[in-house]
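The values are calculated or read from the model by the stated rules, or taken from the named source; none is laboratory data. Bear in mind the structure is a predicted one, so any value in this text is a computation, not a measurement. For neighbour counting, all protein chains shown are included, and Cβ atoms are generated from backbone atoms with ideal geometry for every residue, glycine included. Keep in mind that these areas ignore ligands, DNA and RNA; they rest on the heavy atoms of the full protein, side chains included. Shrake-Rupley method; radii C 1.70, N 1.55, O 1.52, S 1.80 Å.
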Amino acid sequence: MLGDYGTAVDYARQVGPARIVMPERRARYWEDTALALHGRRRPQATFQALLAVERDAPQEVRYRPWAQQLTAELLGRDSRNLPGVREFASRIGLI
């Protein structure tokens with residue numbers, strides 16, 4: 001919501017992603033959620049949202065700059081506290 005990550009995260013919690021039928025739209029939901037969580041400095045939740053995008057639409061994390069950049073930031077700051085983030089980065093071709 002225009003830079004208000006807290007409000008965006010609150011809105012995201014109100015949506016049931018399982019009710020979003022189209023995988024591309026569900027991936028967009030997870031993308032927006034991941035970016036908002038990252039803005040709130042919640043690396044574990046951000047990484048979980050990235051994994052959800054990968055489950056629904058793997059091409060979205062493999063080929064989109066937003067996912068590459070977000071993953072690079074998680075690797076740079078929080079990789080010790082995020083088990084599996086290096087493997088994820090490898091899967092999406094970042095390392």
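Specify the residue with the greatest mean-square fluctuation among Q14, Q48, Q59, computed from a Gaussian network of the chain linking alpha-carbon atoms under 10 Å apart.
Q14
Would you mind calculating the relative contact order of the chain from Cα pairs under 8 angstrom and at least 6 residues apart, reporting the percent as a whole number?
It comes to 22 percent, rounded to a whole number.
What number comes out for accessible area per residue over the chain if the probe is 1.4 Å? Units Å², please.
Roughly 63 Å² per residue, with all protein chains present.
How big is the dipole moment of the stretch 16-76 about its Cα centre under a simple scheme where the beta carbon of each Lys and Arg is +1, that of each Asp and Glu is -1, and everything else is neutral? Debye, nearest 20, please.
Taking the Cα centre of the stretch 16-76 as origin, the dipole is about 160 debye.
Given the rule -39500 (n - 2.57) for each run of at least 4 DSSP H residues, summed and divided by the residues of the chain, what is its mean residue ellipticity at 222 nm, to the nearest 500 deg cm²/dmol?
-22000 deg cm²/dmol
Read phi for every residue in the stretch 55-61 and hand back ³J(HN,Hα) as whole Hz from Karplus 6.51 cos²θ - 1.76 cosθ + 1.60, θ = phi - 60°, with x for Gly and Pro.
Taking θ as phi minus 60°, the curve returns 5, 7, 8, x, 5, 5, 8 Hz for the stretch 55-61.
For the chain, place one equal point scatterer on every Cα, skip the solvent, and apply the Debye formula. What is log10 of I(q)/I(0) at q = 0.12, 0.17, 0.22 Å⁻¹?
These q points yield log10 I(q)/I(0) values of -0.34, -0.68, -1.11.
For Y29, Y63, give me the order by solvent-accessible area with a 1.4 Å probe, most accessible first, ignoring ligands, DNA and RNA.
Final ranking, largest accessible area leading: Y63, Y29.
I'd like the FRET efficiency for D4 and Q69, computed as 1/(1 + (r/R0)^6) with the beta carbon distance as r and R0 of 25 Å, rounded to 0.05.
Working from the Cβ atoms, E equals 0.75.
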